[in-house]
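Enquirer: Below is one structure. I have some questions about it.
The values are calculated or read from the model by the stated rules, or taken from the named source; none is laboratory data. Because the structure is a prediction, the values reported are computed rather than measured. Note that we place each Cβ from the backbone using ideal geometry, even for glycine, and neighbour counts take in every protein chain shown.
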């Protein structure tokens, strides 16, 4: 290793060297005709690139060595580099993996061009074959190909050695918010072509059916032979060679002896355009022929006909202004890290499709190429992002000429690989890398090579959303307050579409005000949506006994978001990694096992293709899609009465055209009192992403024809209320009495946004109750108490009255002016054990909060208490249900208690106190209590997204002053 010329060059600290011996990137997909080299390889892990040979072991390829129990563990940082050296230096301790295996080169490959493809290697790849140096590659998220024709012999075995160096000058521009891994993380394959081969194919297919296919032809032997030609067919339609293109090339002397260029074209009549709603694909076959007509090479492509353009403040697809209901997505898996199978990628996209997403930003690098194949097929708009993020040293690198080649290399190779995918509608120059000349150079390359798509870069439009920019056609801010977005759209100065590249940060119990964002987006021209951060919680399945990743052996050890006993979801610091950024990687809309969080249902309803309105006795159904009628959907009516009755009936959706509204008949007479009418919308037939009958959305309207009779709360003569010496209620089903609560176990937003620190400073997490009076007047008991806080005295009063079947408790709390933003105002008590089922009338069945409740329809719901809790990776406030009118907690024999609420309230029922959740860092630390901890909140603070983005809106904050609430407690 010490004498290796590739090592002697120290390419890992030379940013000017992006590759050596690597073939140009192209869009000819060879995966189908290749010899897979995936599987078990010999492996040794060295401490540095100069390290002497160590002990050989085995490793699975593809797969990061950091996930295979080989001693070097994952590390999580957000924007900090894991080491202190400045660009382009790397640390002296630099783990280096050496992969080796023998492969039999097929004898039938004699006379052919033989190519090795390494799908991805993090971060520097050195290739040797039979002891000879072959090449170098950087860019951990794109494939590298090397011509082995001169170093292997068909019919003989060849020894492949792939050396992967973990840290390098390239690491400084791969400083993304994710786990640091190392190794070969995508497939390795070997393929052979004729010496005369297709070097590249560029497909441009327009919405009007015009198809143009540009082909580049090369011969490994050197000069192109005489008489070669290219043919193409789209289904049964033959393409024709563009004679005008040939003539202009000849006149401009663009014809050479070693590169042939051909343009084929066709016009497809009655073409079915591609959109995310209607992902129509056509099969294209391109063939390269020798002079005698025999086929030398073939390339297959799936073609989608569509146009993308920016017209003023609008992004148009096929001439229509679309909404971008997007998600940011990493290549991630809790068992394998960066390696994701085709089946897992399909499962990712199927889930996103079912929850109303239509767009993906490949944050922050080109994803596995299979993802784009699936996006073409299933229907997603993709912002394809280059593997450039220099977060920790952004300002220095943006204009550093040593990194100029790396910027252009990464952007151009992404475009060359992905240009034929109809799903890709926007190119992105990368993420959080400041803005400089290197970005403009990369943007210039794209604009010359592919003028058919807009490009974006948040850093270029950061300070001036309306100003001209070489590097961004779209204003794509991060976490801009919706008020700022609205003001910009109404200013008269907007010149570009405003589509946030990141908004609504999904860390822990989050995504508050999502519905408010979309109410503005859908009503203000110029706002077109954005991309939620992000899809996954990046929790790695960890064995608790030894702290190592569970690896592939961990399959089946999790479900419904929770890891099996003896395991947990690890985040930054859990592998002894330092520095680290803790749980900031747990910021997705799904848990690490892809279980949807409750916020997914919020998005599903906001993005619903069907909206239901009730206006002056008429029910209206609106089609919120851009291109598709409602004929692909079925529906069922469900009428929920406040008295507990539910009626259902089938419905036929009219074939409402995109953007249109039509009346629809309700099969029930208008009910008396309050009732809720839900239209359960499902798929009418099998879709590529959902079988027939899959629930799509649940639009709901409230019906009310008068005021329901109020329940009687007259006191019962001769009855009494039992309280202890401190004025606390004594009840046979309560393990602890109802007291005032102003605190919640801080959410990630509360902690990072600074609210939790303020609440602790005020002492809300440890309120001390001081009784100032207990008065009896007839059957009534009035208990007055005071709570001293760092912001003044909180005065609390309970009036307890015996009523038929139980008790009525009327409460008030007076918050001083300085106590201007608390977590909740309400009551907390604990029940005896054995009450294990919650039945409630209110919003559900999933968790909901005041600023995240659009996706939880009102109804009669029932769940075991243990299923109410949401297992966010860091334990925190969870499991609340908004708008609850009444509920029961019961044992298997139907005994228990019933609570009626004077007004729709925020309710939570859990096995854990707030202090239990706040003290724990992982769920394996939690010990369930035998009874239930019940919160009845007159007011509950919104969730917001303050861990990275705006806090909740003012309307969801709790103001000082007097808060009043009332409830009844009865025994079943």
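Enquirer: Within the stretch 430-437, is there a residue that is modelled with pLDDT of 95 or more, more than 27 Å from the chain's Cα centre (by Cα) and outside the structural domain of residue 274 (by TED's automatic domain parsing)?
Expert: Step one: list which residues in the stretch 430-437 are modelled with pLDDT of 95 or more, which gives 430-437.
Subsequent filtering for residues that are more than 27 Å from the chain's Cα centre (by Cα) retains 436-437.
Pick out the ones that are also outside the structural domain of residue 274 (by TED's automatic domain parsing) and you get 436-437.
Looking through the stretch 430-437, at least one residue is modelled with pLDDT of 95 or more, more than 27 Å from the chain's Cα centre (by Cα) and outside the structural domain of residue 274 (by TED's automatic domain parsing).
Enquirer: Could I ask something else about it? State whether one or more residues within the stretch 54-67 are surrounded by fewer than 19 Cβ atoms within 10 Å (Cβ to Cβ), within 21 Å of residue 157 (Cβ to Cβ) and either in contact with a strand residue (DSSP E or B) (Cβ under 6 Å, 6 or more places away or on another chain) or not assigned by TED's automatic domain parsing to the domain that holds residue 570 (or both).
Expert: Restricting attention to the stretch 54-67, the residues satisfying the condition of being surrounded by fewer than 19 Cβ atoms within 10 Å (Cβ to Cβ) are 54-58.
Narrowing the set further to residues that are within 21 Å of residue 157 (Cβ to Cβ) leaves 56, 58.
From the residues that got through so far, the ones that are either in contact with a strand residue (DSSP E or B) (Cβ under 6 Å, 6 or more places away or on another chain) or not assigned by TED's automatic domain parsing to the domain that holds residue 570 (or both) too are 56, 58.
Within the stretch 54-67 (the criterion being surrounded by fewer than 19 Cβ atoms within 10 Å (Cβ to Cβ), within 21 Å of residue 157 (Cβ to Cβ) and either in contact with a strand residue (DSSP E or B) (Cβ under 6 Å, 6 or more places away or on another chain) or not assigned by TED's automatic domain parsing to the domain that holds residue 570 (or both)), the answer is yes, since at least one residue qualifies.
Enquirer: Now for a different question. Which residue, of 505, 517, 439, is surrounded by 22 or more Cβ atoms within 10 Å (Cβ to Cβ) and farther than 21 Å from residue 601 by Cβ? I'd like the intermediate steps shown before the answer.
Expert: On the way: 505 fails: farther than 21 Å from residue 601 by Cβ; 517 fails: farther than 21 Å from residue 601 by Cβ.
After ruling out the rest, the residue left standing is 439.
Enquirer: In addition: Tell me yes or no: at least one residue of the stretch 912-928 is part of a loop (DSSP other than H, G, I, E, B), at pLDDT 95 or above, in contact with a strand residue (DSSP E or B) (Cβ under 7 Å, 6 or more places away or on another chain) and more than 25 Å from residue 542 (Cβ to Cβ). Outline the logic, then answer.
Expert: Filtering the stretch 912-928 down to residues part of a loop (DSSP other than H, G, I, E, B) leaves 912-913, 920-922, 926-928.
Filter once more, so that each one left must be at pLDDT 95 or above: 912-913, 920-922, 926-928.
From what's left, in contact with a strand residue (DSSP E or B) (Cβ under 7 Å, 6 or more places away or on another chain): 912-913, 922.
With the extra rule that they be more than 25 Å from residue 542 (Cβ to Cβ), the set shrinks to 913.
Looking through the stretch 912-928, at least one residue is part of a loop (DSSP other than H, G, I, E, B), at pLDDT 95 or above, in contact with a strand residue (DSSP E or B) (Cβ under 7 Å, 6 or more places away or on another chain) and more than 25 Å from residue 542 (Cβ to Cβ).
Enquirer: Identify, by number, the condition in (1) surrounded by fewer than 21 Cβ atoms within 10 Å (Cβ to Cβ); (2) modelled with pLDDT of 95 or more; (3) part of a loop (DSSP other than H, G, I, E, B); (4) touching a helix residue (DSSP H, G or I) at 6+ places or on another chain (Cβ under 8 Å) that residue 393 doesn't meet.
Expert: (3)
Enquirer: Next question, about the same structure. For residue 471, which of the numbered conditions (1) within 14 Å of residue 852 (Cβ to Cβ); (2) surrounded by 22 or more Cβ atoms within 10 Å (Cβ to Cβ) fails to hold?
Expert: Result: residue 471 passes all but (1).
Enquirer: Where the second residue is outside any loop (DSSP other than H, G, I, E, B) and modelled with pLDDT under 95 and the first is more than 10 Å from residue 972 (Cβ to Cβ) and outside the structural domain of residue 857 (by TED's automatic domain parsing) and lies in the stretch 883-896, which pairs have Cβ atoms under 6 Å and are six or more apart or on separate chains?
Expert: Nothing qualifies.
Enquirer: Further question: Go through (1) within 20 Å of residue 704 (Cβ to Cβ); (2) free of Cβ contacts under 8 Å to residues at least 60 places away in the same chain; (3) in a strand (DSSP E or B) for residue 640 and report which single condition fails.
Expert: For residue 640, the exception is condition (2).
Enquirer: Hey, any hits in the stretch 235-251 for a residue that's under 19 Å from residue 27 (Cβ atoms), at pLDDT 95 or above and either in a strand (DSSP E or B) or in contact with a helix residue (DSSP H, G or I) (Cβ under 9 Å, 6 or more places away or on another chain) (or both)?
Expert: no
Enquirer: What single numbered condition from (1) within 28 Å of the chain's Cα centre (by Cα); (2) at positive phi; (3) in contact (Cβ under 8 Å) with a residue 60 or more places away in the chain fails to hold for residue 856?
Expert: Here residue 856 meets the rest and fails (2).
Enquirer: Also, I was wondering about something else. Could you figure out which of (1) within 18 Å of residue 335 (Cα to Cα); (2) touching a helix residue (DSSP H, G or I) at 6+ places or on another chain (Cβ under 8 Å); (3) crowded, with 21+ Cβ neighbours inside 10 Å isn't true of residue 551?
Expert: With (1) within 18 Å of residue 335 (Cα to Cα); (2) touching a helix residue (DSSP H, G or I) at 6+ places or on another chain (Cβ under 8 Å); (3) crowded, with 21+ Cβ neighbours inside 10 Å applied to residue 551, the lone miss is (3).
So that you can scan it fast, the table gives a plain yes or no per residue for (1) assigned to a strand (DSSP E or B); (2) surrounded by fewer than 17 Cβ atoms within 10 Å (Cβ to Cβ); (3) at negative phi:
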site: 635; (1), (2), (3): yes, no, yes
site: 648; (1), (2), (3): yes, yes, yes
site: 653; (1), (2), (3): no, no, yes
site: 659; (1), (2), (3): no, yes, no
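Enquirer: Another question about this same structure. What number of residues within the stretch 365-388 satisfy the criterion of being more than 17 Å from the chain's Cα centre (by Cα) and either in the same structural domain as residue 170 (by TED's automatic domain parsing) or buried (at least 24 other Cβ atoms within 10 Å of the Cβ) (or both)?
Expert: 3
Enquirer: Related question: Assess whether residue 756 counts as being free of Cβ contacts under 8 Å to residues at least 24 places away in the same chain and buried (at least 21 other Cβ atoms within 10 Å of the Cβ).
Expert: Numbers: free of Cβ contacts under 8 Å to residues at least 24 places away in the same chain: yes; buried (at least 21 other Cβ atoms within 10 Å of the Cβ): yes.
When the stated conditions are applied, residue 756 passes them.
Enquirer: Let me ask something else. Limited to the stretch 643-658, what total is found for residues that are over 32 Å from the mean Cα position of the chain (by Cα) and touching a residue at least 40 places away in the same chain (Cβ under 8 Å)?
Expert: Summing the residues that are over 32 Å from the mean Cα position of the chain (by Cα) and touching a residue at least 40 places away in the same chain (Cβ under 8 Å) in the stretch 643-658 gives 2.
Enquirer: Please verify whether the stretch 794-813 includes one or more residues that are farther than 30 Å from residue 865 by Cα, in a strand (DSSP E or B), at pLDDT 95 or above and assigned by TED's automatic domain parsing to the domain that holds residue 756. Walk me through how you get there before you give the answer.
Expert: Initially, the stretch 794-813 is screened for residues farther than 30 Å from residue 865 by Cα, giving 794-795.
Next cut, in a strand (DSSP E or B) only: 794-795.
Next, only the ones that are at pLDDT 95 or above stay: 794-795.
Filter once more, so that each one left must be assigned by TED's automatic domain parsing to the domain that holds residue 756: 794-795.
Yes; the residues of the stretch 794-813 include at least one that is farther than 30 Å from residue 865 by Cα, in a strand (DSSP E or B), at pLDDT 95 or above and assigned by TED's automatic domain parsing to the domain that holds residue 756.
Enquirer: Out of 84, 32, 51, report the one residue that is more than 29 Å from residue 334 (Cβ to Cβ) and outside any loop (DSSP other than H, G, I, E, B). Give the steps one after another, and end with the answer.
Expert: Working: 84 fails: outside any loop (DSSP other than H, G, I, E, B); 51 fails: outside any loop (DSSP other than H, G, I, E, B).
Exactly one residue qualifies, and that residue is 32.
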